[in-house]
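Notes to accompany the following structure.
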Amino acid sequence: MSKRPAEASAPPPRYRQVADALRAAIDDGRLADNEALPSERELTEQHQVSRDTIRKAVRLLEDHGLVYSDHGRGTFVAPALVRRMSRYIDGFSEDTRQRGGLPSQRILNLEFSPATMAIAQLLQLESGHPLTRVRRVRLTNGVPVGLHDAYFPLPPGVKLELQEVERARSLYQLLMERAGFAPVEAVENLFAASADAEEARLLGVPEGAPLLVCERITLSERREPIEYCLMKYVSSYRYSARITQSSRLA
């Protein structure tokens, strides 16, 4: 397997910047529900990019459920209800807020360790590559519902401190601000497991209780793995996802 070298953080590609600008216009109401997006020519002139860049930006918004295309008429802003139904790579905090809950966390440890062979393969790194590991209990309205164990390779010179992880509204948001990570896609495997003694103690369930396990590999806009996370949830936690077929696969 070819390994990717460690790289310093770089600004997101232009299509991502255009997509972010359009998403901001949708979020703050400058582009209303079912309103047509500006034409390709208008967007090209406004952002000083090629038409191909505009098309990639619009495809990204469409993949995220923010816009929809009507053949022969154009591309339109998806209704707010549809946008809320779409599943983004926002993580536990944003997902909990969207459900009306209050998310919080308890950091168990923040450490820096070499990648094991198994995790290195998942992240397409050399075995022993330095990783940052954050292990947390996730709570909804003060009640433990999940145990997250996340590993990610930070760019050279970037180091997270325990205090900023504890204060962070979202770990993904912190990683975007500090390391330039821009998660746009994830691959998840779901399976069941039984809580061991430590997991039972941390989650407040009996030893041997059923857990929903989600193994996630998060990808950047370049489709490079930027995080491996093992998430274990109590059986009462409701996991939901909206699954669509990308138009690029049609």
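Evaluate the following for residue 207: is it closer than 19 Å to residue 136 by Cβ and not basic (Lys, Arg)? Full working, then the answer.
Details: closer than 19 Å to residue 136 by Cβ: no; not basic (Lys, Arg): yes.
No: the conditions fail for residue 207.
Just checking, does the stretch 143-162 include any residue being of a type in the set (Gly, Ala, Ser) and in contact with a Gly (Cβ under 9 Å, 6 or more places away or on another chain)? Show your work before the answer.
First pass over the stretch 143-162, keeping only residues of a type in the set (Gly, Ala, Ser): 146, 150, 157.
From what is left, the residues that are in contact with a Gly (Cβ under 9 Å, 6 or more places away or on another chain) are none.
There is no residue in the stretch 143-162 that is of a type in the set (Gly, Ala, Ser) and in contact with a Gly (Cβ under 9 Å, 6 or more places away or on another chain).
Return yes when residue 164 is surrounded by fewer than 17 Cβ atoms within 10 Å (Cβ to Cβ), assigned to a helix (DSSP H, G or I), on the phi < 0 side of the Ramachandran plot and in contact with a helix residue (DSSP H, G or I) (Cβ under 8 Å, 6 or more places away or on another chain) and no when it is not. Walk me through how you get there before you give the answer.
Numbers: surrounded by fewer than 17 Cβ atoms within 10 Å (Cβ to Cβ): yes; assigned to a helix (DSSP H, G or I): yes; on the phi < 0 side of the Ramachandran plot: yes; in contact with a helix residue (DSSP H, G or I) (Cβ under 8 Å, 6 or more places away or on another chain): yes.
In short, yes.
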Residue under evaluation residue 91, criteria (1) touching a Phe, Trp or Tyr at 6+ places or on another chain (Cβ under 6 Å); (2) at pLDDT 75 or above; (3) within 22 Å of residue 174 (Cβ to Cβ), criterion not met: (2)
Of the residues in the stretch 178-192, those that are exposed (fewer than 12 other Cβ atoms within 10 Å of the Cβ) and either at pLDDT below 80 or of a type in the set (A, V, I, L, M, F, W, C) (or both) come to 187, 191, 192
Pairs only if they're at least six apart or on different chains, beta carbon under 9 angstrom, first in the stretch 171-192 and assigned by TED's automatic domain parsing to the domain that holds residue 103 and assigned to a strand (DSSP E or B), second modelled with pLDDT under 85 and among the basic types (Lys, Arg); list them, first residue then second. 185/223
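The values are calculated or read from the model by the stated rules, or taken from the named source; none is laboratory data. The model shown is predicted, which means the values in this text are computed figures rather than measured ones. Cβ: placed from backbone, ideal geometry, glycine included. Neighbour counts: every protein chain shown.
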